[in-house]
Every structure is written in C-alpha cells, then in structure tokens.
Amino acid sequence: MTLAAPRLPALLEALGQRAPRGMELGLGRVREALSALGDPHEGLPAVHVAGTNGKGSVCAMVESIAREAGLRTGLYTSPHLSRFAERIRVGGEMIGDAALERALAAALERVPSPLTFFEALTVAAFVAFREADVDLAILEVGLGGRLDATNVISAPLCTAITSIALDHQAVLGPTLADIAREKAGILKPGAPAVLGPLDPEADAAIEAAAQAIGAGPRLRVAPAGRGGRAGEIAVGRGGRGAGAARVAVPGRREIEVELGLRGAHQAENAGVACGVAWQLAGRWPEVERALAGGLAAARWPGRLERIDAGGAHVLLDCAHNPHGAQALAAWLDEEGPGAALTTLVFGAMADKGWGEMLQVLAPHALRRFYVTPKGRAAAPLDALREVAPGEAIGDPRAAVARAIEAAAPGGLVVVAGSIYLVGEVRSALLGIVADPVVTL
C-alpha cells in the first residue's frame, strides 16, 4: 500500500467483514447514506446497464467509446477478480489507493446506518465519481435491477438490458418474465433504453414495464440474421476477420468494426453498446466518431481472456451460468483446438446451474479437472464427476498447474464455471496479490 493511504488496509478489512451479511435488496439505506454525503449521485450523467450476462462487456465497451471520444469516465462494475479497486475505475484506470481510501471512509464512517458490502462500494463509487468530476458514469447493476443499490439514479441518460436468462431465481423469481420485470426496474420515465436479443416472454414483460412508467424510446438488437425493422439494431459478422462485426442502427449508417473482445456473442453486446453510444451522441457528437476506435480498444478481463503460462495457452472465462456456458461452448466450437487438445478446469458455486453448465462444456474437453472455488458453498466434486468423468483435485491452482504441465503442443486449458475461480487463477498466473475473497 502507498503511504498516501495509510488507513486503506483497515478500511478494506472492515468492508470485507460486511460480506457475510449477504444481499439485502432495497434502496432505503443507500439513499439515506447518499443524502448524508451531499447526494453525489444527483445530476451525475449516467448510463445504467442490467442483464443476466453481457452487462459487464457492454459497460466496458461504452466506457471505452466514451474515453475514445475524450470524455472523463467513471466505471462501476462487480464483482472484482483480484482487487476491490477494480470495481471503481476513473479514466479507464483502477481507482488509486488515496482516492479509494477517501471514498470508503465516507461510505463506512460518515453514514447514518451500516451498509452492506455492495451498498458501501456503490456509495463509495458515487463519492469517487463526484471527486473525480467525471463527465459520464457507466453503472453495472449488481443483481436484478429494481432493488439494486445502483438504482438510485433517477434520470440516466440511457438504460440498457443486455440479456435475460434463468439465474438467481430464488431472489428474482422462477420465470423469465419474473426476472425481466426485476431488471426492467432500471427503466426510467423519458430515458431511452437499448435491449439486447430477448426471449419473447422477457421482451413482453420489459415492454409492459416500459409503457407503464413512460420510458423513452426503445432500441432492440435483432436476433442474428434479422434486422431492418423500425427500432431494431441489426448486427452480424464482419468480413475482415473473426473479431469483425457489422452494426446498423435505424437512421444511422452501417458500420463495420473490429472488436477488442472475443466471441461471436460480443457482436450482440457491441450492438447494445452502439445503441447506447448513439443516444449519447445527442449530447456529445464526438461519441459517434469514436465508435470504431472505442470498440477495438475495449478490454474486459476474464472474458475469453487468453494468458500464456508455462508454454501453454490458458483461456479464462467467467461463464458462471448455463447461458454463459453456451457462449463459451460456441467459441470453442468455432475457434478452439478441438476436444482432444482441450483441458477443462471447472468449479462452480452450489447455487448455480453447475450440472447444466458442465453438460454443455464437458464435450469440448477430453480431459477435465474439478476444483472447489473459494467463496460460498461450491458444487461437490463427486457430483461434478457424476455429470461427466473427470479428476477431482480441489485446489484450483494445483489443477491449473497439472493441466499446463500435461498440455499438448497447440493445446488449450480452459478455466470456467465461477467468477471467483477465474479471479483466483488469473491472480496466480499474473502474480497479482489479491484482496480477500468475498461472496458478492
């Protein structure tokens, strides 16, 4: 730690101690805390992004576009992979120790009621963005939307919902429509919204919510192979390589861009990001000119991220639900070296759809190692082996070391199933001293 932030270790420890409280959805405590701190969120130009998967990638793309346009950005995302500070970024960089100390001290010590782990970080982000005088804040929803701590923003410049899939059903509801209604809670009167490709049931629920509150115009990313209807963003593969994508928005010229993020699914995320950017261009015209450069420069660690280690290629992907596993499997089908040259290191939280995830991923790897990620209760190793044969190792670092040692020339070691697993392995491979693991 730097001498400029002598209290930061104690503040981070105090923050981590709040994680066992778990989630306490609701906006009352956050609003009360922000009021005590002078309402740093009020008047903050913001983009608010929800979704089951893809919201972090969209946030990264929008933020990169905005920086390419010359805007001073604030980016708030969750969870982190190695450091708490990853969640709060200013100008594309992780918040510095001194600024993080000041923001955390405000959120932990100057508020009327104790906040949960996520609430405290959300309040700290708003404090940090006010101090940094950002031009635009990009906010990723933590869970759901309606009662998420980030939903204190009353007048966002634009909202976006990237995808709806079954996840967190115990909290958000058992059906796609239930989950969609919770995520639609971020929509605001008069604010335009951009929607990723959605199941008809989810789309209908979001449209009903939008009409009920008088939300602004909606742009929808069309499913692959369709597009051209009023209000639809057409996306497709570009002709210049695996990372190229074409995006056409009604009333705007079609653009072809090279994406900095891997995977065919990122074309749909780029469609959402472009829809958001075109809304922002009404306020900052330079944003439209920054689209190609911003999308090419966008990075999002742990999402189809390749790291060379010990002479082997390691692919880290934060797929942690069946929808995410399907996207990873599609990439392996198209760009992977084949099952015979692929080793899977897999571990998941017990409350996730680990059986379905493993059924999707197992056929893509001839050899499989099963591990226990740190954090809350993990899927039992023996249960994983019942879904697909594999070797139960437990320790993620030991499993990755074994996989690297055994990798054939041209082979690939895939690490997936849990964000916490990816964070631990990534920290080890890159020599990052990680903060303590939390379960939010």
Query raised in the report: What list of ³J(HN,Hα) couplings, whole Hz, do you get for the stretch 259-264 from phi and the Karplus terms 6.51, -1.76, 1.60, once you set θ to phi - 60° and write x for glycine and proline?
Result: 7, x, 9, 7, x, 4
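How many Å² of accessible area per residue for the stretch 34-121, probe 1.4 Å? Write out the running numbers ahead of the final one.
Details: 2420 Å² over 88 residues.
Accessible area per residue: 28 Å².
With a sphere of radius 10 Å drawn around the Cβ of residue 127, what net charge do the other residues whose Cβ falls strictly inside it have (Lys, Arg +1; Asp, Glu -1)?
On the way: positive: 102, 110, 130; negative: 131.
Net charge in that neighbourhood comes out at +2.
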Report summary line: Note, residue 52: beta-carbon cut-off 10 Å, +1 each Lys/Arg, -1 each Asp/Glu, net +1
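Report for the stretch 1-157 the percent antiparallel among DSSP-assigned beta bridges with both residues inside it, nearest 5. Could the numbers behind the result be given before it?
Details: 5 of 13 bridges.
About 40 percent, rounded to the nearest 5.
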Report summary line: With every protein chain kept in place and a 1.4 Å probe, the stretch 286-369 has an accessible area per residue in Å² of 39
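Beta carbons within 10 angstrom, averaged per residue: use that to sort the peptides 251-264, 50-63, 363-376, highest first. Display every interim value, and only then the final one.
On the way: 251-264: 16.3, 50-63: 27.4, 363-376: 21.2.
Packing proxy ranking, top to bottom: 50-63, 363-376, 251-264.
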Report task. Specify which labelled value, from (i) 0.98; (ii) 0.95; (iii) 1.06, agrees with Rg/Rh (Cα atoms, Kirkwood Rh) derived from the coordinates of the model shown. Result -> (ii)
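Work out how much length residue 133 to residue 334 would gain on full extension: take 0.36 nm times their residue separation and subtract the Cα-Cα distance, in nm to one decimal. Write down the numbers at each step before the final one.
Numbers: separation 201, 0.36 × 201 = 72.36 nm, distance 4.34 nm.
Net length gain for the segment: 68.0 nm.
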Requested in this report: First compute the accessible area of the chain with a 1.4 Å probe, then give the percent of it belonging to carbon and sulfur atoms.
Outcome: 51
Query raised in the report: Using a simple spin-label model with points 7 Å from Cα along the Cα→Cβ vector, what separation in nm is obtained for residue 253 and residue 299?
Result: 3.0
Report task. Would you mind checking which residues have amide H under 5 Å from residue 414's amide H? H placed 1.01 Å from N; only 5 or more apart, or other chain. Result -> 315, 343, 344, 345
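Quick check on my link table: of 188/352; 55/374; 352/374, which ones sit more than 20 Å apart, alpha carbon to alpha carbon? Please report the intermediate quantities before stating the final value.
On the way: 188/352 30 Å; 55/374 24 Å; 352/374 14 Å.
In this structure, 188/352; 55/374 exceed 20 Å between Cα atoms.
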Query raised in the report: Relative contact order of the stretch 120-223: what whole-number percent is it, with Cα pairs under 8 angstrom and at least 6 residues apart?
Result: 25
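Averaging sequence separations of C-alpha pairs under 8 Å and six or more residues apart, then dividing by the length of the chain, give the relative contact order as a whole percent. Working shown, then result.
Details: 978 pairs, mean separation 67.4, N = 440.
Answer for the chain is 15 percent.
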Query - Positive-end extreme of charge dipole, the chain - chosen from 103, 436, 336 (charges on Cβ) - result: 103
Query raised in the report: For the stretch 5-42 and the stretch 323-392, what is the separation of their C-alpha centers, rounded to whole Å?
Result: 35
Report summary line: Restricting to Cα pairs under 8 Å and 6 or more apart, the percent relative contact order of the stretch 288-413 works out to 27
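The values are calculated or read from the model by the stated rules, or taken from the named source; none is laboratory data. Treat the numbers as computed from the prediction; the structure is a model and nothing was measured. For neighbour counting, all protein chains shown are included, and Cβ atoms are generated from backbone atoms with ideal geometry for every residue, glycine included. All accessible areas refer to the heavy atoms of the entire protein, side chains included, with ligands and DNA or RNA removed. Shrake-Rupley method; radii C 1.70, N 1.55, O 1.52, S 1.80 Å.
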